[in-house]
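Report on the structure given below.
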Amino acid sequence: MIFYKTEEEIDLIKASAKVLAQAHGEVAKMIREGVSTRALDQRAEEFIRDHGGQPSFKGYNGFEYSLCISPNSVVVHGFPGDYTLKGGDVVSIDCGVLLNGYHADSAYTYPVGEVAPEVTKLLEETKKSLYLGIEKAVAGNRMGDVSYAIQNHVEKLGYGVVRELVGHGIGQKLHERPEVPNYGKRGAGLKLQTGLTLAIEPMVNLGTKSVVQEKDGWTIRTKDLKPSAHFEHTIVVRKEKAEILTSFEYIEKALQ
């Protein structure tokens, strides 16, 4: 079943999204060589709880952490731990916040120090594909219009779009219907209606689209071990232009 949100419910998601954006900003301040991924996770959880929220991911299907932290060839669902960031790494930070009964979800991929030019471009173009997808998330369009916009942009640059992992509806549950693939055909799929809240999240690989799951049952890596990028916003479908509920504002301030 698909749940279309009232304006009151959208406001509750916005409140979650604000705490989430600020938590991302706190993590962004710490992104540098020598910092452990465990320290990033601890800071995010501390900030979220101090602001009345709960980390959406912690306890989700047994996941033990507040952040998914995915360096280099890890696409998504990486575990925080003893790994320390190194110059030349890229690291994806995915976080969710539950506040007043509603979730928000977003992700951002960071360079650590100087990274290879082709990796910088991967991050830039993956982020751009997110906004191209969001542009198509308006009432009357189809889900395939969103998916195609993402796929078309990154594949023409030679990147691989992950098929096995998709975006999703979001609200009282972290993952609701419908799925939001990052590949598809224009004019196909669900007709979008106002009030539909979605987490749109392109996952794009420098090389092959193929991925493998590690023995921990969570961590997803690129099959060719080349870097991957992941950017995500929670949005609501509107008549003329999608409204982005999450924000990278605090991240961008921290990175200046």
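The values are calculated or read from the model by the stated rules, or taken from the named source; none is laboratory data. Since we're looking at a predicted model, the values are computed, not measured. Quick reminder, even Gly has a Cβ in these numbers, built from the backbone with ideal geometry, and neighbours come from all protein chains shown. Remember, those area values only see protein heavy atoms, side chains included, never the ligands or the DNA or RNA. Shrake-Rupley method; radii C 1.70, N 1.55, O 1.52, S 1.80 Å.
Numbers for the structure displayed
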{"quantity": "Heavy-atom surface of the chain, accessible at 1.4 Å and reported per residue (Å²)", "calculated": "44"}
{"quantity": "Rh (Kirkwood; distinct C-alpha pairs) - the range 1-111, Å", "calculated": "14.3"}
{"quantity": "Candidates I69, I150, I220: whichever shows maximal mean-square fluctuation once the chain is modelled as a Gaussian network with Cα springs under 10 Å", "calculated": "I220"}
{"quantity": "Approximate shape of the chain as ellipsoid semi-axes (Cα gyration tensor, √5λ), whole Å, largest first", "calculated": "26, 23, 16"}
{"quantity": "Placed amide H near V211: partners under 5 Å, 5+ positions off or other chain", "calculated": "K223"}
{"quantity": "GluC sites (Glu not before Pro) within the range 1-99, DSSP loop, no more than 12 other Cβ atoms inside 10 Å", "calculated": "E33, E64"}
{"quantity": "Cα centroid separation, the range 41-62 to the range 151-174 (Å)", "calculated": "24"}
{"quantity": "Given charges at beta-carbon only (K, R positive; D, E negative), |dipole| of the range 7-255 in Debye", "calculated": "680"}
{"quantity": "Computed label-point distance, nm, for sites N61 and K241 using a 7 Å Cα→Cβ extension", "calculated": "3.6"}
{"quantity": "With every protein chain in place, the chain: carbon and sulfur % of accessible area (1.4 Å)", "calculated": "48"}
{"quantity": "Ranked order, K18, K121 - accessible area, probe 1.4 Å, largest first", "calculated": "K18, K121"}
{"quantity": "Spherically averaged projected area of the range 151-198 from its Cα convex hull (nm²)", "calculated": "4.0"}
{"quantity": "Rounded to whole Hz, the Karplus (6.51, -1.76, 1.60) HN-Hα couplings of the range 225-238, x for glycine and proline", "calculated": "6, 7, x, 10, 10, 8, 10, 8, 10, 8, 9, 10, 5, 10"}
{"quantity": "Under the span-like rule (Cα at least 24 Å along the axis, Kyte-Doolittle mean at least -0.5), DSSP H helices of the chain", "calculated": "7-28, 117-135"}
{"quantity": "R0 of 41 Å, Cβ-Cβ distance E179-L255: FRET efficiency to nearest 0.05", "calculated": "0.85"}
